[in-house]
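First the structure, in the form of structure tokens, and then the observations on it.
Bear in mind that the values in this text are calculations on the coordinates, not laboratory data. Nothing here was measured: the structure is a model prediction, and the numbers come from that model. Heads up, the Cβs are rebuilt from the backbone with ideal geometry, glycines too, and the neighbour counts pull from every protein chain shown.
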Amino acid sequence: MTEFFTATLGLNLNLVWFVLVGVLFTGYAVLDGFDLGVGVLHLFIRDDGQRRLMLNTIGPVWDGNEVWLVTGGGALFAAFPNVYATVFSGFYLAFMLLLAALIFRAVAIEFRDQQPQGWWRRTWDFAFGLSSLVVALLLGVAIGNIARGIPLVVGDGGEIEYAGGFFNLLNPYALAVGALAVTLFALHGGLYALLKTEGELHEKLRRWILPLFIAVAMSYALMNWLAMPVVSQMENSPLFMVAVAINCGVFICAFIAMLRQRYFIAFLSSCAFIVTLMVLFGLGMFPNLVISPGALPGAPALDMYNAASSQRTLAIMLVITLIGMPLVLTYTVFVYRVFRGKVQLDGHGY
């Protein structure tokens with residue numbers, strides 16, 4: 001099987017899995033990004049009916065969106081186990097907080113309509129909004145630390161280990177990426193909610209979109225200013241600069257489409273902005289998966305070769321992926337098609 005992929009098709013299985021893991025996490029950022037954003041905006045809505053409408057916009061899809069995170073984590077574990085071990089051991093406390101926030105978020109969605117009392121619903125609404133905010137922030141901080149680099153040492157057995165602590169993760173660049181994740185997901189969620197709502201809630205969301213665009217632009221500028229030492233080694237890469245230009249272009253397209261009230265185009269442009277951000281992250285890291293700060297020559301790093309599973313494992317996983325991915329994509333398209341259109345309040349909602 002390995003010979004079929006490598007010799008017959010000429011595939012570099014390590015490169016294939018580098019791209020596939022990136023695709024899975026990008027799919028999660030695009031899909032779960034908007035329902036995390038809906039959760040962040042949920043914090044600023046006071047009317048119970050409007051809160052129910054916001055939950056109804058993501059009700060049929062939020063749990064399916066999170067499957068992409070589980071799949072991405074599983075693929076990372078199977079394809080690059082050394083990366084999984086190093087990152088999860090180094091980010092252990094942060095990932096436990098992330099897991100707790102994901103659990104509270106799911107519980108809040110399901111529990112808020114189990115009792116009619118106002119205080120009960122407000123409590124779970126706050127838990128839903130706060131946990132959505134925490135998830136978005138922690139995901140951004142994690143990506144910021146991976147892009148910047150984390151302290152690595154070579155252990156006694158030759159394995160590469162994380163050498164920092166929890167507070168090493170709270171550096172200015174990572175926090176700036178976290179702020180960008182929160183504001184970007186809020187904008188992404190607001191654009192999605194505009195497609196799904198009408199009336200008073202629709203108008204309220206429309207008034208919020210311009211400040212959200214400004215917040216994203218400011219967070220983006222701050223991240224890039226703090227990222228100058230991080231990306232200095234990539235300034236001469238034509239492909240990287242083309243990706244930067246496309247990334248800025250789709251953000252401008254989203255803004256123009258919003259001004260023209262073409263909300264579907266604005267939402268698609270927001271999706272493209274997230275995708276190109278992830279592409280920039282991948283280009284900046286390639287071929288590495290985990291690096292030390294500054295990426296100094298000779299510094300320990302985990303790349304798509306020294307951190308990978310055996311070629312046979314990668315080949316078997318690729319066969320499983322070629323069977324499973326079309327099913328996941330078909331399910332995703334089916335669900336979004338079935339539940340397209342505006343949401344309404346009825347006895348079957350939240």
Rounded if a/c under 1.5, otherwise prolate or oblate - region 109-242, Cα gyration tensor axes: oblate
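For a protection proxy built on the mean count of beta-carbon atoms within 10 angstrom, sort 245-258, 186-199 highest first, please.
186-199, 245-258
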Neighbourhood charge, 14 Å Cβ-Cβ cut-off, centred on L102 and excluding it, Lys, Arg +1 and Asp, Glu -1: -4
Helix-only [θ]222 nm of the chain, DSSP H runs n ≥ 4, -39500 (n - 2.57) each, per residue, nearest 500: -24500 deg cm²/dmol
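Using Cβ counts within 10 Å as a stand-in for footprinting exposure, how do F167, F273, F44 rank, fewest first?
Working: F167 7, F273 25, F44 10.
Placing the least packed residue first, the sequence is F167, F44, F273.
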Relative intensity, log₁₀ I(q)/I(0), of the chain from a Debye sum that treats every alpha carbon as a point, q = 0.10, 0.12, 0.13 Å⁻¹: -0.64, -0.92, -1.07
Ranked by how many other beta carbons lie within 10 Å on average, peptides 32-42, 55-65 from highest: 32-42, 55-65
Relative contact order of the chain, pairs being alpha-carbon contacts under 8 Å that are 6 or more residues apart, as %: 27 percent
Estimated D of region 14-64 in µm² per second, where Rh is the Kirkwood radius over Cα pairs and Stokes-Einstein applies at 25 °C, 0.890 mPa s: 196 µm²/s
Degrees separating the helix 172-196 axis from the principal Cα axis of the chain, which is the longest one: 40 degrees
